[in-house]
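Working notes, beginning with the structure itself.
The values are calculated or read from the model by the stated rules, or taken from the named source; none is laboratory data. Note that the structure is predicted; figures quoted are calculated from it, not measured. Counting neighbours? That spans all protein chains shown, and the Cβs are built from the backbone with ideal geometry, glycine included. What goes into the accessible areas is simple: the full protein's heavy atoms, side chains included, and nothing from ligands, DNA or RNA. Shrake-Rupley method; radii C 1.70, N 1.55, O 1.52, S 1.80 Å.
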Amino acid sequence: MDVPLKDLKELPDLVELKLPRRSGAAATAAASKRLLDVLGALCGLILSLPLILVIALAIKLDSRGPVLFTQTRLGRGGRAFRLIKFRTMYVDAEARLADLLRADAALRLEYETFHKLQADPRVTWVGRLLRRYSLDELPQFVNVLRGEMSLVGPRPYLPRERRKMNGSERHILSVMPGLTGYWQVHARNGVAFEERVEMDLHYVHARSLRLDVDLLRRTVMVVLRGKHAC
């Protein structure tokens, strides 16, 4: 949800975790995953460059504001980083959200349950199209190349969501967040926040290079169908 957070509100949630040292086998697996990330992100950026230029132009023509949107998210060990996306909302989205939630109890309940709004009036026309096919996330290939994200992993959580993870953050934040992951493939935005946490927890315990490759393959089919996106 591209609603910028206030820095002072984020500070209590930006607490880094102490991570255990990796064994030899774990270090080898991590190196293999990193190699997959770098090669995949480079290929993704090169192949999607013409599309990225078209999207940037469409955003500028559709509504006023910057092409890119950045937001603080939690990375491995709870370290904060700036996630990059194409802007899909109007520039006054934060004020619009506050007004909507004050005026509509049903929307307030939906937002508290899913941390998203299915029919979000803050989203621009171009933004709705980008979200349907997850094209707003293409700039996150840069986050992968920087070593802030992986191609596959748990969703990159907002700092304010950490307190709602009921202790699961200890495990989920022990790995890098992903551009795609288990819940994105199996449910996308069609499940409540608590279910997403459970799916991310499942991925952390079951993760392997083979699972990552399978999730990447399945992500392509899910994105092309544009199901449960918002």
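Element breakdown for segment 36-126 at a 1.4 angstrom probe: carbon and sulfur atoms account for 69% of the accessible area. Restricting attention to the chain, the count of lysine pairs at 8 or more positions apart or across chains with alpha carbons under 21 Å apart stands at 11. The slack in the chain from Met221 to Asp92, taken as 0.36 nm per residue of separation less the alpha-carbon distance, amounts to 43.1 nm. Short to long, the 10 Å bins of the Cα pair-distance histogram for the chain hold 7, 31, 39, 18, 3, 0 percent of all pairs.
Computed in the context of the full set of protein chains, the accessible area of segment 131-211 at 1.4 Å probe radius has 49% of its extent on carbon or sulfur.
Over the residues of the chain, the helix contribution to mean residue ellipticity at 222 nm works out to -16000 deg cm²/dmol, using -39500 (n - 2.57) for each DSSP H run of at least 4. Net length available on complete extension from Asp104 to Glu16 is 28.0 nm, with 0.36 nm assigned per residue and the Cα-Cα distance removed. Taking every full run of DSSP H in the chain, the ones that stretch at least 27 Å from end to end by Cα along their long axis and average -1.0 or higher on the Kyte-Doolittle scale are 24-62. Here the extension length gained between Ser32 and Arg210 equals 63.0 nm, from 0.36 nm per residue of separation less the Cα-Cα distance.
Using only side-chain charges placed at the Cβ, +1 for Lys and Arg and -1 for Asp and Glu, the dipole size of the chain relative to its Cα centre rounds to 440 debye.
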